[in-house]
Amino acid sequence: MSRFFATGSDSETEESSSGDEITPKATGTTFKQSLLLSDDEEDTKRVVRSAKDKRFEELTNLIKTIRNAMKIRDMAKCLEEFEQLCRAFLKSKTIVDKEGVPPFYIRLLADLEDYLNQLWEDKEGKKKMNKNNAKALSTLRQKIRKYNRDYETEIASYKENPEQSADEEEEKEEGESGSSSESEGEGDEGEEGGVSVKSFLKKKPVSEPPADASKFLKGAADEESESDDDEDDEDWGADTVDSGSESEDDEGKNASLAVVFLKKVPDGERHTAEKKKEERKKRHKKKERLEEEEEEGGEGEDGGWEKVKGGVPLVKEKPKMFAKGTEINTAVVVKKLNEILQARGKKGTDRAAQIELLHALAAISNENNLGEGILVKIKFNIIASLYDYNPNLAAFMKAEMWKKCLDCIDELLDILFDNNNIFIGENIAEDSENLAISDQPFRVRGCILTLVERMDEEFTKIMQNTDPHSQEYVDNLKDEGRVCGIIDRLLQYLENKGSTEEICRVYLRRIMHTYYKFDYKAHRRSLGLQGESKSEQDQEESEGEDNAVVMDRLCKFIYAKDRTDRIRTCAILCHIYHHALHSRWYQARDLMLMSHLQDNIQHADPPVQILYNRTMVQLGICAFRQGMIKDAHNALLDIQSSGRAKELLGQGLLMRNMQERNAEQEKIEKRRQVPFHMHINLELLECVYLVSAMLLEIPYMAAHEFDARRRMISKQFHHQLRVGERQPLLGPPESMREHVVAASKAMKMGDWRTCHSFIINEKMNSKVWDLFPETQRVREMLVRKIQEESLRTYLFTYSSVYDSISMETLSEMFELELPTVHSIISKMIINEELMASLDQPTQTVVMHRTEPTSLQNMALQLAEKLGVLVENNERVFDLKQGVYGGYFNRGYVFHLLQTRKVDTNRSKGIRETREAVTNRSKFTNETKRVDTSRSRATREAATGTRIRTPTDLTESPPETRPILFAP
């Protein structure tokens, strides 16, 4: 203690210091402390606190920081402080295990989770956030959800009764503060001086309401505060008298000089004062809690808090449309309408309020019976304002606005159908409009077709921006029936009052909603199937014309009447797509060939090109279903060989570098995407292409095994074969591609049963084949094609092994009818794919063996490769010598002559080699012919009949020749 104050003994000071527990001082008391206490005393005084207080104080400070960050929406700060809070809570785990999780910690976790969920649902607020805050919001939301799983029961109990848990927390805190004050009081009583310096320096807590809320508190709160102040003043007055008398008595007893300035409170009065303070605290906290509840739930009540947007108070009373006593007529309403429309598009205009004003104006015109003309004009502007609600083209309409838009268009069509004396059109000038009720018909400027087209585009945008795997997509898709109903009503209206161009446009809209849908009811009727129940049968009978009839009628009208190339092109493509979807292969193919669209489709705009790609893909799938394997492969070749089928069909974007496509181009391409319910299954498409390529490529590879100039029919199929060969461990196939590769290897060996088991099984059925409308017919066609192509492959691969083979044996091996085997072999012989002849009486295939052996094939390949090598070598040498440097080079003519001589000699050498190979093969054929004649003579001797040779067949008259083709 300082010498200025130290008049007592050292033991007294030690007792007083040990008896008092110093809490951290407020910032305002540091200056007073520096005046009263010396540096020596500051060093000797120590703050003694328990580990629990230290840890909980650290947690409360971090919680305060988090709540402040929540108020200003600083998500980055919230995330940083929350991580620190988790670390601090982990440090205090031993104390938490003893005492339990503190209620204030549970309260923060619950409040923070609710706060983050509220921010996450506010989509507009999220858009306004900067990048760091948005990223921190998503990270913090994930962390808090994961963290709160450990405290689900505590959070649930807090949410059930938040007030009770908050009161318990406050009582606990006050109980701790009360016990500490009692201990301080006991320590003070032990002193001779009565009150220690520390208790004098301790700042008296004043429970004042926050500055913001004090402005809005009611008079009752003011009266309570005044009465509390009066009580405090009375206490201070009594205390000053007591303290003065005490100080006079203690002057002669060597007491501390500080006691003169200190306030002494009796025990009874001190307890009553503490009780009053606690009651005041409770009252103020309850008031604050009630005010918060009113702020959250009672915004509409009088006297409660009111939330405002952007600092602008809410306008509760709607502005009056017209002044009181104004005569409402058509001119006044039109003037008011123009005033409202002048604010359209200006900065700061509330679009929602503008729509409400237009609705109110329509209601006023209805009340005053101003006629249908002005009502139609207002409806036109309401629908236009709904479209303008989202200024961004990429943004889609909200569900609320979308429903309003559909209702307004329906109401507008109702008015137009009910009143035949209303004429609307874009060619009507505003000056020539007739909106007032008169003998003349109403004339209104506007185009209902444009509004419906925009409505259709908005529907497409809604479907593009909705998650296709959610229930919301299904709910939005249900609106398509209503959209089609509006288009049908407009179609009916324009057929009576519209121009030919407008009718073509609305017909195209109807076609675009029909062409991709499979008509199951018409398909059932074509198969002769009827509904199971009588109600289904009655419904089928009551239904109108099939989609095929509707498409045919609408498209033919466009073909005949349309003057724009684009609408006609789209109609043709949709018509072909619809034919192909319903397995009308020949109609679809003929329409595609007659239209010549493939010649100039590259000049069309991207949406039409996407429609063309979709049509070609559907045409290829249709050809596959009909068994036209080559046509199917040719139709799908361009799409599948590019490797960008997903992008070319408008079903998604591939990952690309920013150099190839910038952000703006990506936005444009996203707007061109086809909605999910119109997608073509890409796995089915790839499977159809690979199976078609397998059925064409494997027999071709077997026929040209040793041909150096063999071309690839399908590069993608060869790529899949190479990938399958590179695999170090071959297991059972899992994916669709692996099944096709395994089937190809089996077909290459002529094993059609293994190939069939790989192509048609449960896994492939669920992935691909069950997606076709006529599943069983497609599977039967596939089995048939696999058998036929496996037979061709077998003959190409093993023809060198056989001298002759019976067709009955082939029929049994491949489970084909004998005429079918006869037909396949005859075609191979006629196309010179198989060097053989048919022996009709014995039903055998006699091999001629004219094809070169493997050694001869290798010799021919070597000769060709050597020729190419010599040519390349000479070109390199000429370039090095500079002979081809200029046309006027002196040695050019001489070198050209020498080159020609070399080429002539080289070609002579190649020709001689080929002649030698041919002579050798001739000799081999002659030897075989001798052997054949011997075997024929033996058979003739055995059977007693003459067997005809191929030469005999050609020399015999036409009527005696055997038929090579199956009937």
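The values are calculated or read from the model by the stated rules, or taken from the named source; none is laboratory data. What you see is a predicted model, and the numbers here were worked out from it, not measured in a lab. Don't worry about glycine lacking a Cβ; one is built from the backbone with ideal geometry, like all the others, and counts go over all protein chains shown. These accessible areas exclude ligands, DNA and RNA; they are computed on the full protein's heavy atoms, side chains included. Shrake-Rupley method; radii C 1.70, N 1.55, O 1.52, S 1.80 Å.
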For the stretch 673-779: rounded, prolate or oblate by the Cα gyration tensor [a/c cutoff 1.5]: prolate
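State, as an integer percentage, the relative contact order of the stretch 325-402 based on alpha-carbon contacts under 8 Å between residues 6 or more apart.
Details: 39 pairs, mean separation 23.2, N = 78.
Over the stretch 325-402, the number comes to 30 percent.
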For the stretch 824-844 and the stretch 776-792, distance of Cα centres in Å: 21
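How much net charge surrounds I428 when only other residues with a Cβ under 10 Å from its Cβ are counted (Lys, Arg +1; Asp, Glu -1)? Let's see the in-between values first.
Numbers: positive: R443, R445; negative: E426, E430, D431, E433.
With Lys, Arg at +1 and Asp, Glu at -1, the net is -2.
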task: List, in order, the whole-Hz ³J(HN,Hα) value for each residue of the stretch 578-589 obtained from phi through the Karplus relation with A = 6.51, B = -1.76, C = 1.60 and θ = phi - 60°; use x for Gly and Pro.
output: 5, 4, 5, 5, 9, 6, 8, 5, 5, 5, 5, 5
task: Compute the projected area of the convex hull of the Cα atoms of the stretch 795-867, averaged over all viewing directions, and report it in nm² to one decimal place.
output: 5.6
Dimensions in Å of the stretch 47-92 - Rg and Dmax from alpha carbons: 11.8, 38
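Mind ranking 480-493, 72-85 by how tightly packed they are, going by the mean number of other C-beta atoms within 10 angstrom, highest first? All intermediate terms of the calculation are to be shown ahead of the outcome.
Working: 480-493: 16.2, 72-85: 18.3.
With the highest mean Cβ count within 10 Å placed first, the list reads 72-85, 480-493.
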task: Report, to two decimal places, the Cα Rg of the stretch 690-848 normalised by 2.2 N^0.38 Å (N = number of residues).
output: 1.10
field: Cut-off 9 Å between beta-carbons: net charge of the residues surrounding I503, Lys and Arg +1, Asp and Glu -1
entry: -1
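Based on the mean of other beta carbon atoms within 10 Å per residue, what is the order of 452-461, 645-654, most packed first?
On the way: 452-461: 19.1, 645-654: 17.6.
Order by mean packing, descending: 452-461, 645-654.
Can you give the charge dipole size of the stretch 360-482 about its Cα centre, rounded to the nearest 20 debye, using +1 on the beta carbon of Lys and Arg and -1 on the beta carbon of Asp and Glu? Working shown, then result.
Working: 11 positive and 23 negative charges, 30 e Å.
It works out to roughly 140 debye.
Stokes-Einstein diffusion coefficient for the stretch 540-620 at 37 °C in a medium of 0.692 mPa s, Rh from the Kirkwood formula over Cα pairs: what value in µm²/s? Walk me through the intermediate numbers first.
Working: Rh = 13.3 Å.
Approximately 247 µm²/s, per Stokes-Einstein.
If packing is taken as the mean number of other Cβ atoms within 10 Å per residue, what is the order of 621-629, 133-141, highest first? Kindly include the intermediate steps, with their values, before the conclusion.
Working: 621-629: 21.2, 133-141: 17.4.
The peptides rank, most packed first, as 621-629, 133-141.
Let me know the whole percent of all Cα-Cα pairs from the stretch 347-434 that are separated by more than 14 Å.
Considering the stretch 347-434, 70 percent of its Cα-Cα pairs are separated by more than 14 Å.
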- prompt: How many nm is it between the label spots at R149 and D878, if each spot is 7 Å from the Cα in line with the beta carbon?
  reply: 7.6
task: Treating only the Cβ atoms of Lys and Arg (+1) and Asp and Glu (-1) as charged, compute the dipole magnitude of the stretch 746-888 about its Cα centre; round to the nearest 20 debye.
output: 480
task: Project the alpha carbons of the stretch 753-842 onto their principal axes and report the range along each, largest first, in whole Å.
output: 45, 23, 22
query: What do you get for Rg/Rh over the stretch 424-481 if you use C-alpha atoms and the Kirkwood form of Rh?
result: 1.30
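Within 14 Å, Cβ to Cβ, of C405, how many net charges do the neighbouring residues add up to if Lys/Arg are +1 and Asp/Glu are -1?
On the way: positive: R351, K379, K398, K403, K404, R454, K461, R482; negative: D388, E400, D407, D410, E411, E453, D456, E457, E458, D479.
Neighbourhood net charge equals -2.
Summarise the accessible area of the stretch 744-788 (1.4 Å probe, protein heavy atoms) by the percent that is carbon and sulfur.
On the way: 1150 of 2160 Å².
Carbon plus sulfur share of accessible area: 53 percent.
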For the stretch 53-103 versus the stretch 440-459, the gap between their alpha-carbon centres in whole angstrom: 60
